[in-house]
Amino acid sequence: MSDSLRRSVAAMRQEYGIGQLSRSDLDASPIRQFEHWFVQATAADVREPNAMTLATVGEDGVPNARTVLLKDCDDLGLTFFTNYESRKGRELATRPAAALLFFWKELERQVHFRGPVERITSQESEAYFFSRPYESRIGAWASHQSREIPDRAWLETRSQEYRERFPDTGAPDAVPLPDFWGGYRLVPLTVEFWQGQLSRQHDRFLYRRQGENWTIQRLSP
């Protein structure tokens, strides 16, 4: 990094302060609180409010992170879908735990989940897979996710091969669910809600699971 760019980056600052978060604002359930914030993020026209950073432990012991999309949330946990043979799939098979981070900059908010990860049932995966657009279902078959491929033409040729194998009849099951593709559910043990504040004095509250209940602590910024 050049000296001028280094100085420019070091000088970058953004003040927060469009909202506050108090203990009295919080629902007893972090899932209900998350749903409340998610509705507000959607109403605020946050682009892809369901986009979240998924952090896993790499096969080499070094953390990995990438953006995935939330596709369901209930009292059991948060669900996302991927190729089981992808890098994250292999990592979750070895160490079935992860962290999820939502950052809604328009609202100056973050939500951070941590906990074990489990595969959902094939029936649940199939129900979601059949709701996807035709080309997305073809893409799931065509992609060797996270694996090296020779070029773009290889991927396009492979996609066309699967279009011919599974023509679009309009039926949701025209493209079957691959046995290497499906959903994961993160079961939260901790959930942190972060609201930006002036002078970096942010509001942070941590929910921690205690059996069937949750404790709530305010954290220092």
(Q) If I filter the stretch 36-65 down to residues being in a loop (DSSP other than H, G, I, E, B) and not charged (D, E, K, R), which single residue comes out as nearest to Arg185 (Cα to Cα)? (A) Asn50
Q) For the stretch 55-66, what are the residues that are under 21 Å from Phe180 (Cβ atoms) and either out of contact with any Lys or Arg (no Cβ under 6 Å at 6 or more places or on another chain) or without any contact (Cβ under 8 Å) to a residue 40 or more places away in the chain (or both)? A) Gly58, Glu59, Asn64, Arg66
Q | Matching residues in the stretch 181-217 - criterion: being more than 28 Å from Lys71 (Cβ to Cβ), at pLDDT 95 or above and surrounded by 13 or more Cβ atoms within 10 Å (Cβ to Cβ) | A | His202, Asp203
Q: Examine the stretch 169-179 for a residue that is under 30 Å from Phe38 (Cα atoms), in contact (Cβ under 8 Å) with a residue 24 or more places away in the chain and within 23 Å of the chain's Cα centre (by Cα), and state whether such a residue exists.
A: yes
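Consider the stretch 183-221. How many of its residues are small (Gly, Ala, Ser) and at negative phi? Full working, then the answer.
Applying the first criterion (small (Gly, Ala, Ser)) to the stretch 183-221 yields 183, 196, 199, 211, 220.
Right, trim to at negative phi and you get 183, 196, 220.
Qualifying residue count, the stretch 183-221: 3.
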Q) Can you find a residue in the stretch 15-26 that is over 26 Å from Asp203 (Cα atoms) and not charged (D, E, K, R)? A) no
**Q.** Filter result for the condition that a residue is in a helix (DSSP H, G or I), at pLDDT 95 or above and either touching a strand residue (DSSP E or B) at 6+ places or on another chain (Cβ under 9 Å) or buried (at least 20 other Cβ atoms within 10 Å of the Cβ) (or both), over Glu118, Glu135, Glu106, Glu126
**A.** Glu126
Q.
Step by step: first the residues of the stretch 1-35, then only those that are in contact (Cβ under 8 Å) with a residue 60 or more places away in the chain and of a type in the set (Gly, Ala, Ser), then the one that is nearest to Val191 (Cα to Cα). Which residue is that?
A. Ser29
Q. From the list Leu76, Leu21, Leu101, which one is surrounded by fewer than 17 Cβ atoms within 10 Å (Cβ to Cβ) and out of contact with any Gly (no Cβ under 8 Å at 6 or more places or on another chain)?
A. Leu76
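The values are calculated or read from the model by the stated rules, or taken from the named source; none is laboratory data. As the structure is a computational prediction, the values presented were derived from the model and not from experiment. Using ideal geometry, Cβ is built from the backbone for each residue, glycine included, and neighbour counts are taken over all protein chains shown.
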